[in-house]
Amino acid sequence: PTMAHSKAFLVLENFIGGKFVPCSSYIDSYNPSTGDVYCRVPDSGKEEVEAAVKAAKDAFPIWSSKSPLERSQILNKLADLIEHDLEAFAQAESKDQGKTITFARTVDIPRAVHNFRFFASSILHHVTECTEMPTMGCVHYTSRAPVGIAGLISPWNLPLYLLTWKIAPAIACGNTVVAKPSEMTSVTAWMMCKLLEKAGVPPGVVNVVFGAGAKAGEALVCHPDVPLISFTGSTLTARRITEKSAPHCKRLSLELGGKNPAIIFDDADLSQCIPTTVRSSFANQGEICLCTSRIFVQRGIYSEFLKRFVAEAKKWKTGNPSDPTMDVGALISKEHLEKVRNYVKKAQAEGARVLCGEGVDPLVLPPGNQKGYFMLPTVIAEVKDESCCMQEEIFGPVTCVVAFDTEEEVIKRANGVKYGLAATVWSGNVGRVHRVAHRLQSGLVWTNCWLVRDLNLPFGGMKASGIGREGAKDSYEFFTEVKTITIKH
């Protein structure tokens, strides 16, 4: 575009050493609800990452020597500043990601604020261990120190929410940071950078390098001075990160995909279960790693459940994300929409029934959103367990509903995928709830609810859903090095 024309775009810049730095080349970022380019994101690589790592290295001695209380006060100030601009952040997140303004206002931005407040508080309450060996005349104690520079790579589905879930514990523990948000959703990260100085974050403590995974992400993962990588995204990318970081013995925390089951027994309270399971299937367009995409319903209530579930799913309104009455916004990209649609086509080709949504119900969009990447909440029944729709993460507003007979059988089927992130169990029988929760191969199990999070507790997955856990204690352990000191007296 000519200079005169490019004024229409928001042009982002990398944030390195407390300053915004222009980049020599850029990537187009689209508004998913219109299909138009609305922003240009730096196409960073080795050079930019090198500059950011240097800035983080220079800032480390001062930041790591601050007391937990000093860091805590700065994190709280940053939380206040983001909260003060909550509406602007929510508008930007909705426009950039395609999610509804309502979801951004009530979930994404409040949670980003809470992430900073939570770790600002938790950093003040950690204690280290001490043991005595009277017979040896020795006392042992442990001390914890920040690791150094943390490389943080966050995804496009919950942009500021998941970026702050990494930045907050990393800097609370005294590390400095080089972060790379998704090139598809970089705007709120850039807006946050504008608030860092005012919050009292010294230059170089938080550096943000924008760009694609293959270039900027790779440079960060391969950098010998970045000892630690926290990544949220696909299992495929995680494999590459593991291979690239192995020669440097980096510590990794990988939060990956899910193929999360909901198991609904015939004694479930359907008045609670149905609205919650619709939400757990379609919230944020199904673009949450914790979304339910396989619903196992006990045969006795299967047809009633299906009828009520489909009726409820059809009530969800899909359209312009900036309209607060909408429940479903646009999917992240044209390519992603195509991928999700292909799963529905495959299910149909295999003989499954699509009960509502894609290809079944008309999608009516306002004139300005005709080119946007929209899809209706889609419910598929009679899918075989071996189908790719039951085995692979779809990451869109699509869920599969199947029947089961016994507890034993459903546990086996629920565990029969490569993922193990989250599961939900619906039953009025407390003994059964505990039994099933214990046997599911899943890092998180919700019973008779969904997405109720206590940030104190470990978050993460089993199997192909990741390595490591994050939470108050877990993040503290990940973002610090422990040392055992023995004193003979």
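General observations
- When you filter the trypsin sites (Lys or Arg not before Pro) in the range 406-474 for DSSP loop state and at most 13 other Cβ atoms inside 10 Å of their Cβ, you are left with K418, R453.
- Segment H489-V139, length gained on full extension (0.36 nm per residue, minus Cα span): 125.2 nm
- With all projection directions averaged, the alpha carbon convex hull of the range 1-150 covers 13.3 nm².
- Under-5 Å amide H pairs with V206, H placed in peptide plane, nonlocal only: V177
- Space enclosed by the convex hull of the alpha-carbon atoms of the range 261-447, per residue, Å³: 111
- Anisotropy class of the chain from Cα gyration tensor, a/c 1.5 cut: oblate
- Backbone amide hydrogens, once placed in the peptide plane, bring D323 within less than 5 Å of I101, excluding anything fewer than 5 places away on its chain.
- Hypothetical label at T406: residues of the range 300-339 whose amide nitrogen lies under 20 Å (7 Å Cα-Cβ projection): 300-302
- For a straight C-alpha distance cut-off of 12 angstrom, the aspartates and glutamates reachable from K345 (same-chain residues fewer than eight places away being disregarded) are E358.
- In order through the range 272-282: 3J(HN,Hα) via Karplus (6.51 cos²θ - 1.76 cosθ + 1.60), integer Hz, x for Gly, Pro: 8, 5, 5, x, 5, 6, 5, 5, 5, 8, 10
- Per DSSP, loop trypsin sites (Lys or Arg not before Pro) in the range 48-87 with at most 16 further Cβ within 10 Å: K66
- Available extension along the chain between K57 and E70 is 2.7 nm, counting 0.36 nm per residue and deducting the alpha carbon span.
- Too-long pairs where the Cα-Cα distance tops 25 Å, listed order kept, from K57/K99; K244/K473; K314/K412; K95/K473; K180/K346; K57/K250: K57/K99; K244/K473; K314/K412; K95/K473; K180/K346
- Entry comment: accessible area of the range 236-296 is 33 Å² per residue, from protein heavy atoms only and a probe of 1.4 Å.
- For the range 396-453: rounded, prolate or oblate by the Cα gyration tensor [a/c cutoff 1.5]: rounded
- Loop-located GluC sites (Glu not before Pro) across the range 39-130 with a Cβ neighbour count of 15 or fewer within 10 Å are E129, with loop assigned by DSSP.
- In the chain, helical runs assigned H by DSSP with n ≥ 4 each contribute -39500 (n - 2.57); averaged across all residues and rounded to the nearest 500, the mean residue ellipticity at 222 nm is -11000 deg cm²/dmol.
- On the basis of the beta-carbon distance and an R0 of 25 Å, V360 and D266 show a calculated FRET efficiency of 0.35.
- Percent carbon-and-sulfur accessible area, the range 261-447, ignoring ligands, DNA and RNA, probe 1.4 Å: 51
- Shape of the range 310-353, Cα gyration tensor, a/c cut at 1.5: oblate
- Taken one residue at a time, the phi angles of the range 114-131 give Karplus couplings (6.51, -1.76, 1.60, θ = phi - 60°) of 4, 4, 5, 5, 4, 6, 4, 7, 4, 4, 7, 10, 7, 10, 9, 9, 8, 10 Hz. Gly and Pro are set to x.
- Antiparallel bridges, percent of DSSP beta bridges restricted to the chain (to nearest 5): 45
- Kirkwood analysis of the Cα pair distances in the range 357-422 returns a hydrodynamic radius of 14.3 Å.
- Between the helical axis of 430-439 and the longest alpha-carbon principal axis of the chain there is an angle of about 60 degrees.
- On the basis of the beta-carbon distance and an R0 of 25 Å, E132 and K473 show a calculated FRET efficiency of 0.60.
- Surface exposure of the range 335-489, expressed per residue as accessible area with a 1.4 Å probe, stands at 47 Å².
- Solvent-accessible area, 1.4 Å probe, carbon plus sulfur percent, for the range 1-154: 59
The values are calculated or read from the model by the stated rules, or taken from the named source; none is laboratory data. All of these numbers come straight from a predicted model, not from anything done at the bench. Neighbour counts are summed over all protein chains in view; Cβ atoms, including those assigned to glycine, are modelled from backbone coordinates with ideal geometry. Accessible surface areas use protein heavy atoms only, side chains included; no ligands, DNA or RNA. Shrake-Rupley method; radii C 1.70, N 1.55, O 1.52, S 1.80 Å.
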